[in-house]
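Bear in mind that the values in this text are calculations on the coordinates, not laboratory data. Here the structure is a predicted model, which is why all the values come from computation and not from measurement. Glycine gets a Cβ as well: all are built from the backbone with ideal geometry, and neighbour counts include every protein chain shown.
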Amino acid sequence: MFTIKVLDGSEGHIGLPCHENESLLDAVNKREKKIPYACKGGGCGLCKIKVEEGEFKRGRSSKTVLPDHERVMNYTLACKTYPISDMKILIDLSKLTHSS
Ligand code: FES
């Protein structure tokens, strides 16, 4: 069991548990913060998030919606991302341009 700190671009964050074989999408959406999704199969790109800290593994996903240059910058698809350590993730990417 790992702890996922979820940043939504506002002040503060929530911490929630995520099992090793549970996707970040399922772990987050069981709680109050919602990540949009459609396919849960790594194909639509709606669940794209950014990993700020922590290690994770990815399942198979489309390079059309998550190209290599985004992968190396720690963008990932929450439906196909599984923690292997505690993590900190940003779920509202629209806030990225305002935060740096
Ligand atoms: S829900 Fe479609 S890529 Fe994650």
TODO: Filter the GluC sites (Glu not before Pro) in the stretch 29-58 down to the DSSP loop ones having no more than 11 other Cβ atoms within 10 Å, then list what survives.
DONE: 32, 55
Open item on the list: Apply the a/c threshold of 1.5 to the C-alpha gyration tensor of the stretch 2-99 and tell me whether it is rounded, prolate or oblate.
Closed with: rounded
Task: Fully extended contour minus Cα-Cα distance, from residue 60 to residue 39, at 0.36 nm per residue - done: 6.3 nm
Task: For residue 44, residues with placed amide H under 5 Å, excluding near neighbours - done: 39
Task: Dipole-positive endmost among 38, 91, 54 within the stretch 2-99 (Cβ charges, Cα centre) - done: 38
Open item on the list: Pairs of alpha-carbon atoms within less than 8 angstrom and 6+ residues apart define the contacts here; what relative contact order does the chain have, in percent?
Closed with: 38 percent
Open item on the list: From the helices alone, meaning DSSP H stretches of at least four residues, give me the mean residue ellipticity at 222 nm for the chain, per-run term -39500 (n - 2.57), in deg cm²/dmol to the nearest 500.
Closed with: -2500 deg cm²/dmol
- [ ] Would you mind giving the average projected area, over all directions, of the Cα convex hull of the stretch 39-83 in nm² with one decimal?
- [x] 2.7 nm²
TODO: About the Cα centre of the stretch 2-99, how large is the charge dipole given +1 on each Lys and Arg Cβ and -1 on each Asp and Glu Cβ? Please answer in debye to the nearest 20.
DONE: 360 debye
- [ ] Taking 7 Å along the Cα-to-C-beta vector as the label spot, tell me the residue 68-residue 93 distance in nanometres, rounded to one decimal.
- [x] 1.9 nm
